[in-house]
Amino acid sequence: MKHIFLSIFALLPLAVSATDLSSPDGKYTMTVDGMTYSVVFNGKTIIERSLLGVDIDNRLFESALAVPRGEYKDWSSDLQLKGEERSSVDTTWVPLYGENAQIRDNYNQLVLHYEKGSDGQGTVSEGYDKRKYYAMDIVVRAYNEGIAFRYHFPETANSLFLHITGERTQFAMPEGTMAWYEEWAQGPYEKRSLKRSTPNPSLNGGEWFESERPLLMQLPEGTYVALLEAAMKDYTRGKFRLAKDCSASPLGSSKNVLQVAMYDCADIISPYDTPWRVIMAGEKAVDLINHKDLILNLNEDPDAGVSTPLHSGRSWGWVHPGKAFRSGKLEKSAIFRSIDFCKEFGFDYVELDAGWYGSEGKVASDARKVVETRNFTMPEICDYARSKGIGVWVYVNQRALYQQLDELLPLYEQWGISGIKFGFVHIGNQQWSTWLHQAIEKCAKHHIMVDIHDEYRPTGLSRTYPNLLTQEGIRGNEEMPDADHNTLLPFTRYLCGPADYTLCYFNSRVKNTKGHQLAMAAVYYSPLQFYFWYDNPFVDKGEAELQFWKDCPTTFDESIALDGAPGEFIVQARRSGQDWYVGAMTNTQGRTVTIPTDFLPQGKYEVTIYNDDPTLDTRTKVRTTTQTLKIGKKAGKPITLHLQPSGGAALRIVPLQ
């Protein structure tokens, strides 16, 4: 593993107020001037002058603090810049699993030190409590993939307590910017201008409220910009809303200003880091997809910064990504049959969903045992699955997890449970964010993997907690979205991490073609991938195209988004070993896509293509064809495919000896 580290340290008083930081390749530059910043990408301003800072109100906890009441309206207003530190890092790390076998972590960092209530030499300003002074750092990292910044509250002698009531962080966008608005994590998208109302009422009458993250935008000149959040572990969830009153801002009266909207207040004790606010840009939309490892880079390695070692000195070798199938009926013979199907199809896990321990919504339901009305016990299910080489996942509602977690985990480890799917988790405020991630830590100590369902969206913490394989936080096949939505997801939701979409195939409610569904295995990344979610696969008739789902793994050595446009189409290639898996999906319009082959090394390949063909007299209407492809010193001939409306194609490319 290549590992290079270069650090340049300087703590200097600033001679000028504005400070620049550029990415290693020079494409990004962030300029900080007091409590404002701007960002340039490829010579174009993508974030105009915008506010930085936090709102803090400690009056309830520091009644003796002699600070004028008005100060709390803008806590950051009189912070004084005292110095800066600069450093550079270039290293490569190997994730336990993922979309790429190696990830380069290369950035320039700037730490700006601000203080208030002290001159930095021990002299306390008039009007401040002499027992303490306040300090805050702005930490900025410039990567070739994007810009990230956060607020750091340094350690003080008395472990300073702070009651954060909001962030002043803003993103002033150029006039005419359009955004793909989504109000909640499992909601639909709508492309809107950055205005308080739109002429075409849709969601909530067309009014702009708080939009989910990641937030994808397109600037008038065509550049794509995404706003994201990283390393949100014990803080409150952030969304993006239009700033209410920009006319009062010292920056002017721009109507295109987005504001970080915190779900609730946060109570912290220094030292403390807020989550990263992340800005990514690309001339092409697929550039964002190819740069999303940035979110993992902004998180810590396993066991770094957690309360106690997660695995007590043992390795993470017990974490196994794989393919899963839900047993549709919670009855012994049906579960055994599902386990047999997993063995036959090459799946790794069977999952018992809601209801196995009783009604998930009732306090009286006890997740320590199978409800008496069922005709099986969990040990016998685990024993039978183990005899077939299949692992067992169980669904548990947060109501039971909150009440019983410390009792459940050693019991589940004794049974041999592989993982828990957390159901109906509370999200948003600091209490539930902290509880949830501490629960994941506890699961790791008992060798239990995790899949979080409902509104939770990732911020890269699967690097810190490798047992957190996946999560929902997506409008997937529970809502049966159309192809327009599906071809937008790689450019929006999937930028922040894997998603449990719950793939279907035979279900009659699916709005898209079978080729479209097949391609999802390569396009949609999830280390734990559920297949046939609402299907009864026992009625399959040996359709040849299902071989793609059998062959395509859930983790990869290399991933490249080859082409695409948000809400129109996507072509995604992924390599496992020497084999490549390609998924192509179009929206509700049919189109011809050209798949380049320049990503392939020299050699001869067999290409198996599974594509929709409505002329076939079969129930799935997917044609399987093979062709030989030769790659010389120059790239081979591109592969041209016609995709049906709401359709797609899946390809497996295997080198020939």
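Within the same chain, lysines fewer than 8 places from Lys195 are excluded, and of the rest, those with a Cα less than 20 Å from its Cα are Lys239, Lys244, Lys255. Computed on the Cα atoms alone, the convex hull of the range 432-546 gives a volume of 116 cubic angstrom per residue.
Taken about its Cα centre, the chain carries a charge dipole of roughly 1140 debye when the Cβ of each Lys and Arg holds +1 and the Cβ of each Asp and Glu holds -1. The residues neighbouring Gly632, those whose beta-carbon lies less than 15 Å from its own, together hold a net charge of +4 under the Lys/Arg +1, Asp/Glu -1 convention.
Compared with the dominant principal axis of the Cα atoms in the chain, helix 398-415 is inclined by about 60°. Residues whose amide H falls under 5 Å from that of Gly322, counting only those 5 or more places apart or on a different chain, are Leu528, Gln529, with hydrogens built in the peptide plane. A 1.4 Å probe run over the range 490-533, with the rest of the protein chains in place, finds 15 Å² accessible per residue.
So what's the net charge close to Thr177: Lys and Arg +1, Asp and Glu -1, counting the other residues with Cβ under 13 Å from its Cβ? Counting the neighbours of Thr177, the net charge comes to +2. Placing unit charges on the Cβ atoms of the charged side chains and taking the dipole of the range 436-543 about its Cα centre, the candidate lying farthest along the positive direction among Asn512, His485, Thr459 is Thr459. Evaluated at q = 0.06, 0.07, 0.11, 0.12 Å⁻¹, a Debye calculation over the C-alpha positions of the chain (equal weights, vacuum) places log10 I(q)/I(0) at -0.35, -0.48, -1.17, -1.35.
Pairs Lys233/Lys369; Lys44/Lys637; Lys343/Lys541; Lys343/Lys421; Lys388/Lys511; Lys233/Lys388: which are spaced more than 29 Å apart, C-alpha to C-alpha? Those over the limit are Lys233/Lys369; Lys44/Lys637; Lys388/Lys511; Lys233/Lys388.
Can you list which of the trypsin sites (Lys or Arg not before Pro) found in the range 487-572 are DSSP loop residues with at most 11 other C-beta atoms within 10 Å?
Those satisfying the criteria are Arg509, Lys541.
Phi-derived couplings, Karplus 6.51 cos²θ - 1.76 cosθ + 1.60 at θ = phi - 60°, listed residue by residue for the range 256-272: 10, 9, 9, 10, 5, 10, 6, 4, 6, 5, 10, 10, 10, 10, 5, x, 7 Hz, with x used for Gly and Pro. Shown here for the range 341-420: GluC sites (Glu not before Pro) in loop regions (DSSP other than H, G, I, E, B) with at most 14 other Cβ atoms within 10 Å, namely Glu372.
Excluding same-chain neighbours fewer than eight residues apart, the aspartates and glutamates reachable from Lys27 by a Cα-Cα span under 15 Å are Glu145, Glu283, Asp287.
What part of the accessible area of the chain, given as a whole %, is carbon or sulfur when the probe is 1.4 angstrom? With neighbouring chains kept in place, the figure for the chain is 49 percent.
Subtracting the Cα-Cα distance of Asp551 and Gln414 from their residue separation scaled by 0.36 nm leaves 46.1 nm.
Say the dipole of the chain comes from +1 at the beta carbon of Lys and Arg and -1 at that of Asp and Glu; which of Leu162, Asn611, Cys382 then lies farthest toward its positive end? The listed residue farthest towards the positive side: Asn611. Across the chain, the longest run free of exposed loop sites, meaning chymotrypsin sites (Phe, Trp or Tyr not before Pro) lying outside DSSP classes H, G, I, E and B with no more than 10 other Cβ atoms within 10 Å, spans 10-657.
The 3J(HN,Hα) values that the Karplus relation (6.51, -1.76, 1.60; θ = phi - 60°) gives for the range 512-529 are, in residue order, 10, 6, 5, x, 4, 5, 4, 5, 4, 4, 9, 7, 8, 8, 7, x, 10, 10 Hz. Gly and Pro appear as x.
The values are calculated or read from the model by the stated rules, or taken from the named source; none is laboratory data. Here the structure is a predicted model, which means the values were calculated and not measured. Don't worry about glycine lacking a Cβ; one is built from the backbone with ideal geometry, like all the others, and counts go over all protein chains shown. With ligands, DNA and RNA removed, areas are computed over all heavy atoms of the protein, side chains included. Shrake-Rupley method; radii C 1.70, N 1.55, O 1.52, S 1.80 Å.
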